[in-house]
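Below is one structure, written out as structure tokens; the observations come after it.
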Amino acid sequence: HREDIEKWPGRIVSCSKATQHHKKIEYYQRCKKHMICFEPGKLAFPSGMANSGATAINLAIREGFDNIVLLGFDMKTVNGKHHYHDYYKKQPRDDAYSRFMLHFEAIAKETDVTILNANPDSALNCFKKVELKDIL
């Protein structure tokens, strides 16, 4: 996706080592010891799980946001698919969602930031569920 990255006018953040020297990508190391990491140059990336959603929440909290709205956090298989796209070739582990839930639940307990889940059909229940149209 190099061409897309070069064209993108906004900020790009990654925890992938492959991006650490890319001039357009703000690289953070993966912190595996905190659920919400404030160490310079690091973002929470729990116990090696590729939970980019939880890592994005960590970034928003670090940036000082008081309100976070989650979009597309199904946390379950929908119509036989684990993602809205087909980029990933490997299927997630059978326990992926239950492992991810542990991290989201820890975030919910550790922060006083308002986190809303704008997917009423989501299996992620530790954040208040809302309809997106009701909060826009």
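The numbers here are math on the coordinates, done by the rules we state, and not lab data. A quick note: this is a predicted structure, and the numbers were derived from the prediction, not measured. Using ideal geometry, Cβ is built from the backbone for each residue, glycine included, and neighbour counts are taken over all protein chains shown.
Just name one of F104, P40, A54: the one whose Cα is farthest towards the positive end of the charge dipole of the chain (beta-carbon charges, Lys/Arg +1, Asp/Glu -1).
P40
Can you list the HN-Hα couplings for the stretch 63-73, worked out from phi with the Karplus curve (6.51, -1.76, 1.60; θ = phi - 60°), rounded to whole Hz and with x for Gly and Pro?
Rounded to whole hertz, the list is 6, x, 5, 8, 10, 10, 10, 8, 10, x, 8.
Which residues make up the longest stretch of the chain that has no GluC sites (Glu not before Pro) in a DSSP loop with at most 12 other Cβ atoms within 10 Å?
64-130
Quick check of the Kirkwood formula: for the chain, what is the inverse mean of 1/r over all pairs of different Cα atoms, in Å?
Evaluated on the chain, it is 16.2 Å.
What ³J(HN,Hα) values, in whole Hz, does the Karplus curve 6.51 cos²θ - 1.76 cosθ + 1.60 give for the stretch 56-61 when θ = phi - 60°, with x put for Gly and Pro?
Coupling constants for the stretch 56-61: 5, 4, 4, 4, 4, 5 Hz.
May I ask for the longest run of the chain untouched by chymotrypsin sites (Phe, Trp or Tyr not before Pro) that are loop-located per DSSP and have at most 14 neighbouring C-beta atoms (other than their own) within 10 Å?
Counting only loop sites that pass the neighbour cut-off, the longest clear stretch is 89-136.
With a 4.7 Å Cβ cut-off, tell me which Cys residues in the chain come up empty for a partner.
C15, C126
Pull up all non-local amide H partners of A44: gap of 5 or more, or a different chain, and H-to-H distance under 5 Å with H placed in the peptide plane.
C31, C37
What does the C-alpha gyration tensor say about the overall shape of the stretch 27-78? Classify as rounded when a/c is under 1.5, otherwise prolate if a/b is larger than b/c, or oblate.
Verdict is oblate for the stretch 27-78.
Under 15 Å from the Cα of K23, which aspartates and glutamates turn up, not counting those fewer than eight places away in the same chain?
Within reach: E3, D4, E6.
Among all the lysines, which ones have a C-alpha under 27 Å from K109's C-alpha, if same-chain residues fewer than 8 places away are not counted?
The qualifying lysines are K32, K33, K42, K76, K128, K129, K133.
Run the dipole for the chain about the Cα centre, Lys and Arg Cβ at +1, Asp and Glu Cβ at -1, nothing else charged, and hand back the magnitude in debye, nearest 20.
In total the dipole reaches around 540 debye.
For the chain, what is the percent of antiparallel DSSP beta bridges, rounded to the nearest 5?
10
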